[in-house]
Amino acid sequence: MMPHLAVFGVSFSALAFEVLLARLFAISQWHHLSFMVISIALFGFAASGTVLSLIGPTRPSEPAGDLRPAKFAVPSLLCSASIIAAFLGLARLPLDYYRLVLEPVQLVYLLAVYLMLILPFFIAGWIVALAYIANPQRPGPIYFASMTGSALGALAPVALVAAVGELAIVGFAALVPLAAALSGVPAVFSRKSAAQRRSWSGAAFILGWGLVCGTGVWLLTPAAESRLPIKSSEYKLLSHVLQYPDTRAVESLSGIRGRIERVRSPHLRFAPGLSLKYTDSLPSAEALFIDRDQPFFLYDLQSAEGSGFARFTLSFSGYDLVGVPRQALLIMGSGGLAVACARAAEARNIRIVQPDPHLADLVGRHYGLEVVRDSPRALLARTEDAFDVIHIESWGASLPGADALYQDHLLTVDGLKQCLLRLTPQGALVVSRKLMLPPSAALRLWSTVRKALLECGQAEPERCIAMLRNWDTFTLLATRGPIQSPQRVLEFARRLNFDVVYLNGAEPSDANRFNVFDSPYHFDEIQRLEKAIREGTPEEFFSGYLLDVEPRTDLQPFSGSFLKWNRIGDLYRSLGGRPHTLFLAGEIVVAIVFVQALAVAGALLLIPAVAVAKKAGAAGSSEMVYFLGIGAGFIFAELLFIYAGTFFLGDPVVSLAVVLTVLLVSSGAGGLWAQRFGSIGIRPALLAAAAALLLAAATLWGLSDRLLALPEIWRYAALSLSVMIPGFAMGVPFPLGMRFLLQGPLDRSLAWAVNGCASVLASIAAAQIAISAGLQWILCAALLGYALAFWGSRGKTGKPTHEPRSGLRFKPSVPNLKPKKLEGEESE
Amino acid sequence: MKKTTLLLLLFLLFPYGTPLADPADPSAAIRARDRMVREQIEARGISSPLVLDAMRSVPRHEFVPGDLVESAYNDHPLPIGEGQTISQPYIVALMTEALRLKPSDRVLEIGTGSGYQAAVLSGLAAQVFTIEIKHKLYVNSTHILQKLNYRNITCRPGDGYFGWPEAAPFDAIMITAAVDHIPPPLVKQLRDGGRLVLPLGSPFGYQNLVLVSKQGEDVAVKQITGVLFVPMTGHAMQKGRP
């Protein structure tokens, strides 16, 4: 029972801490740093296998096969302590991602963070590996304990963070392993000799347990929250704003989708795309900062200034084209200008869609408007309503390049097609974004909406598109049929000193008249692309262009990713030869992390490979390939489901929680089943896992339109069911391998290290594959992983191996079950 | 000592420019500034002698935190605390040159920051008015500017959105704070024939500048990219050819 309890406890804590770290980094820094740090920290699991393979699970003075409760109780206590220590260290260290590229000392801080965060995962991995070593013929229950603990650990932050806050989750994560550690206490008091009872180790254990428990409980209290506030990078937008005079945060709401802070200040103004012809004041506004960065502005539209200013913004061009909209649908990731535009246009019915419940509530109450709390794609899939204006407003993160890793299913061909199909015949789709150089987002958006129009059956899509810009923003307009009055769009632009990026029939002189570039870059590039399309050579344009601006689809939904690896030298020169600008790109961060991970994995695998190569009983390379394959395959599959879940549920963190919970519980059940029915053999199990995965992926994507149209609860159910079956099948190979392929503690330690390294490398590689190639290739990578495992299991019958001479038995602490003392062994 | 050694070692990985070997040595600072102007500014096409002189004369290292003094003359922006950065030297020069200042000009700067830009402007204009909304930055920059004896700079704390009506109109306005639109009050306070400049993008990735010029009722907006954006689009898009 002891190892199972310990395994459950540390698995819970490790996952809860991992999910929480992602939240903490999102609030204090940016997602880049979260990705970077957590990816490397997870090597702690693999490192535990490496160290175990080098030093063995028992000391030389201890009898082989002797694993006392202390072997699990003490590390459980250390796991708890290390979580608290890591969190406290992280809170104190002045690591700032924004300064990473320019301040060498930040690299030292980053290294310190890696080391601090690796420790809890190392200890957790140590305990789990030890449990497998102690139970060579019964890995199934260990696997089940590990998976279910992890599943609950993934779910706990989602379920609790809104109620208790992020800090309390750290407390929970730290307290749970203490239950297993507590079971080691009787061992202290059950010692027979007075000398042993007087030993300092017992007292230290109890004292340590008390200290850690006390700190963990303290972290649950509001007092801890006030003593240990989460500090943000001073370069995050909220950090700037809070330095303004008469500015304060009046409300803070934690949620798994993000922390929202409501700020009041007389100095908040937001009017992107505002014409220089506007000379009056702007209305006052409050701001809701999401994870202390992306602001959502709530205007005081009842004030004298009202919404009049919005008539002078680029975004209003769509409303001007339509006239007075009867129905307007506003989709705002950040910003909030769309509400002012809709009000200024006197739209009769304004509906806002917002997946974050806190944000939905705050916006709805402020404006007294209907806010639908759901994913925009899901709403568009199931609503029967038609809209005169659908306004998509998303200005992106303040850190340039941070959007590269953002999974956006709205600005894909499929997403825009859905928007277009929900427009009235005279309606307009309005998309407002930042203008970049070299032309990127504007070019991609044009080509994406053009393709969407073609798929809607529009034979002349170019006549349905208009795009205007000022000096740093652009707005795209798209209609279901040809724009009836392009002259109206042109007059709007001329009246307010905006330039045309694209409009059928517009003159080049309209392209660079008021906001003058050295050259009308955006206009020119879209003209070039249009010409290439007319000549039947769009692929040439896309392949020859400096950036990747091809339309995005639901299978490759990263609309903020533009990097082409084979043009990185040209891009560097194009940006003026300044390396620090390149390092902000999300794609480059992923690549750097992958290289780092390769180096770490190499060290963790080569060291034991060299040290133990000649030891008797060491498993061959094919067994290690097996564990490499199933480790990679499992993680690729997991991430595929998470990406799919983000599409169906509208949020990556919610998707992560749901997928992990279902996948891990079901794979744990698979592991238990494998314990009982393991004679099916390893190769059939691998084939079953691959087949189940393929079937689930095909079902999900094949039925995606129908599933998306389901109410939210049914989407959760459908996703869970899709994950459960392959999850069960994928839970079988690992315990079967542990049981039938490996000979002894050394094998199991090495297999644990290999499996851990494969998992981390696969998770990083999955991000790059998703961005560069598409989600379907993650499925291929998962299948490849299982194919590799299939190859690694060649020649293996899957029957139980000969019980090793030094077979380990777990020795319980209850005195009357103590086995016969071995020679030289001291009494307990 | 160990930290210095480590920093020096790490600096070998970041050969960005002209580290200042010994900040206490005035001649080293002068040499570093000369090299900065020559290699980072003049070499990139900034040609105004007045601007180049101003960049040579202002001791940039005085405006950065102590632990970053060695990097003061490097070819990149630097964090100076309070979420602020001091711009890359080339950006400062480009923005200054874009204003085409005359010795009689009155300049308004929105966002004093470190005070460095104001110091550079003061060498070219008659009077510089600079506003900073963040109190700590205002105090620091005021102290440095007074210490260095810049007499034609007037600092004040406050919200620069509304400009400085009492001192208006201005011949030139420079906005160094992040904005998503050009504040209408500032355009009103710009003299006829005046120029307003602001940078675009994040402080670590400024790519281009916006220049607003006012002629009567007409207000024109122009992008200045300098060498910050080398157009590799269209027919220029052949590998290796800018």
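The values are calculated or read from the model by the stated rules, or taken from the named source; none is laboratory data. Worth saying up front: this structure is predicted, and the values here are computed from it rather than measured. Cβ placement follows ideal geometry from the backbone for every residue including glycine, while neighbour counts extend to all protein chains displayed.
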Take the stretch A:40-66 and flag every residue that is at pLDDT 85 or above and of a type outside the set (A, V, I, L, M).
A:F43, A:G44, A:F45, A:S48, A:G49, A:T50, A:S53
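Considering only the stretch A:244-271, state which residues are over 23 Å from A:E305 (Cβ atoms) and either small (G, A, S) or at the interface with another protein chain (Cβ under 10 Å from one of its Cβ atoms) (or both). First the steps, then the outcome.
Step one: list which residues in the stretch A:244-271 are over 23 Å from A:E305 (Cβ atoms), which gives A:249, A:251-261.
Correct list: A:A249, A:S252, A:S254, A:G255, A:G258.
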Could you list, in sequence order, all residues of the stretch A:462-490 that are surrounded by fewer than 20 Cβ atoms within 10 Å (Cβ to Cβ) and part of a helix (DSSP H, G or I)?
A:E462, A:R463, A:P486, A:Q487, A:R488, A:L490
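Within the bounds of the stretch A:456-472, is there any residue that is β-branched (V, I, T) and farther than 29 Å from B:P199 by Cα? If you could, list the steps in order and put the result at the bottom.
Let us first name the residues in the stretch A:456-472 that are β-branched (V, I, T), namely A:465.
When the remaining residues are screened for being farther than 29 Å from B:P199 by Cα, the result is A:465.
Yes; the residues of the stretch A:456-472 include at least one that is β-branched (V, I, T) and farther than 29 Å from B:P199 by Cα.
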Condition check: in contact (Cβ under 8 Å) with a residue 12 or more places away in the chain, acidic (D, E) and either touching a Ser or Thr at 6+ places or on another chain (Cβ under 6 Å) or outside any loop (DSSP other than H, G, I, E, B) (or both). Does A:D320 satisfy that?
yes
Considering only the stretch A:244-271, state which residues are part of a strand (DSSP E or B) and touching a helix residue (DSSP H, G or I) at 6+ places or on another chain (Cβ under 9 Å).
A:A249, A:E251, A:L253, A:I260, A:E261, A:R262, A:V263
Would the stretch A:279-291 turn up any residue that is at negative phi, more than 13 Å from chain B (Cβ to nearest Cβ) and part of a loop (DSSP other than H, G, I, E, B)?
yes
What number of residues within the stretch B:62-87 satisfy the criterion of being within 14 Å of the chain's Cα centre (by Cα), in a loop (DSSP other than H, G, I, E, B) and within 8 Å of another protein chain (Cβ to nearest Cβ)?
3
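Would you mind stating whether A:P295 is more than 30 Å from A:V161 (Cα to Cα) and within 14 Å of another protein chain (Cβ to nearest Cβ)?
Working: more than 30 Å from A:V161 (Cα to Cα): no; within 14 Å of another protein chain (Cβ to nearest Cβ): yes.
Criteria not met by A:P295.
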May I ask you to say which residue of B:D159, B:D180, B:D171 is within 12 Å of another protein chain (Cβ to nearest Cβ), touching an Asp or Glu at 6+ places or on another chain (Cβ under 9 Å) and not β-branched (V, I, T)?
B:D180
Determine which member of the set A:L435, A:L477, A:L443 is closer than 25 Å to A:P272 by Cα, away from every other protein chain (no Cβ under 14 Å) and touching a residue at least 60 places away in the same chain (Cβ under 8 Å).
A:L477
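Would you please name the residue that is farthest from A:L298 (Cα to Cα), looking only at residues in the stretch A:334-355 that are in contact with a strand residue (DSSP E or B) (Cβ under 8 Å, 6 or more places away or on another chain) and part of a loop (DSSP other than H, G, I, E, B)?
Taking the stretch A:334-355 first, the residues in contact with a strand residue (DSSP E or B) (Cβ under 8 Å, 6 or more places away or on another chain) are A:334-343, A:345, A:347-354.
In the following step, the residues that additionally are part of a loop (DSSP other than H, G, I, E, B) were identified as A:334, A:336, A:345, A:347-348, A:354.
Values: A:S334: 11, A:G336: 7, A:A345: 17, A:A347: 18, A:R348: 20, A:Q354: 14 Å.
Once the filter is applied, the top-ranked residue is A:R348.
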Which one of these is surrounded by fewer than 22 Cβ atoms within 10 Å (Cβ to Cβ), of a type in the set (V, I, T), part of a strand (DSSP E or B) and within 14 Å of chain A (Cβ to nearest Cβ): B:V219, B:V187, B:V139?
B:V219
Is it the case that A:V413 is farther than 26 Å from A:G323 by Cα, of a type in the set (V, I, T) and away from chain B (no Cβ under 14 Å)?
yes
Looking only at the stretch B:75-95, count every residue that is in contact (Cβ under 8 Å) with a residue 60 or more places away in the chain and more than 23 Å from A:L237 (Cα to Cα) and tell me the total.
3
State all residues of the stretch A:195-243 that are over 27 Å from the mean Cα position of the chain (by Cα), away from chain B (no Cβ under 14 Å), at pLDDT 85 or above and not in a helix (DSSP H, G or I); if no residue qualifies, say none.
A:T221
Please count how many residues of the stretch A:462-495 are among the basic types (K, R) and within 34 Å of the chain's Cα centre (by Cα).
1
In the stretch B:40-59, is there at least one residue being more than 13 Å from chain A (Cβ to nearest Cβ), assigned to a helix (DSSP H, G or I), out of contact with any Lys or Arg (no Cβ under 8 Å at 6 or more places or on another chain) and without any contact (Cβ under 8 Å) to a residue 40 or more places away in the chain?
yes
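Tally up the residues in the stretch A:72-110 that are within 14 Å of another protein chain (Cβ to nearest Cβ) and either within 30 Å of A:D747 (Cα to Cα) or over 22 Å from the mean Cα position of the chain (by Cα) (or both), please. Even if it seems obvious, please write down each step before you answer.
Initially, the stretch A:72-110 is screened for residues within 14 Å of another protein chain (Cβ to nearest Cβ), giving A:94-110.
Imposing the further condition that a residue be either within 30 Å of A:D747 (Cα to Cα) or over 22 Å from the mean Cα position of the chain (by Cα) (or both) reduces the set to A:94, A:99, A:101-109.
Counting residues in the stretch A:72-110 that are within 14 Å of another protein chain (Cβ to nearest Cβ) and either within 30 Å of A:D747 (Cα to Cα) or over 22 Å from the mean Cα position of the chain (by Cα) (or both) gives 11.
Could you grab me the full set of residues in the stretch A:501-533 that are hydroxyl-bearing (S, T, Y), part of a helix (DSSP H, G or I) and under 36 Å from the mean Cα position of the chain (by Cα)? Steps first, answer last, please.
Quick first cut of the stretch A:501-533, residues hydroxyl-bearing (S, T, Y) only: A:502, A:509, A:519, A:521.
Those still in the list that are part of a helix (DSSP H, G or I) too: A:509, A:521.
Once the filter is applied, which keeps residues that are hydroxyl-bearing (S, T, Y), part of a helix (DSSP H, G or I) and under 36 Å from the mean Cα position of the chain (by Cα), the stretch A:501-533 yields only A:Y521.
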Restricting to the stretch B:88-117, what's the tally of residues that are over 22 Å from B:W164 (Cβ atoms) and within 14 Å of another protein chain (Cβ to nearest Cβ)?
6
Conditions (1) within 9 Å of the chain's Cα centre (by Cα); (2) farther than 15 Å from B:A54 by Cβ; (3) among the small types (G, A, S): number failed by B:A93
(2)
Given the stretch A:727-795, what helices (runs of 4 or more DSSP H) lie entirely inside it while holding 2 or more residues that are without any contact (Cβ under 8 Å) to a residue 12 or more places away in the chain?
A:775-792
So, A:V610, is that one within 30 Å of A:L100 (Cβ to Cβ) and either modelled with pLDDT under 95 or part of a helix (DSSP H, G or I) (or both) or not?
no
Single condition A:L547 does not satisfy, out of (1) out of contact with any Phe, Trp or Tyr (no Cβ under 6 Å at 6 or more places or on another chain); (2) crowded, with 21+ Cβ neighbours inside 10 Å; (3) within 14 Å of chain B (Cβ to nearest Cβ):
(1)
Of the residues in the stretch A:535-593 that are assigned to a loop (DSSP other than H, G, I, E, B) and basic (K, R), the one that is modelled with the highest pLDDT is A:R552
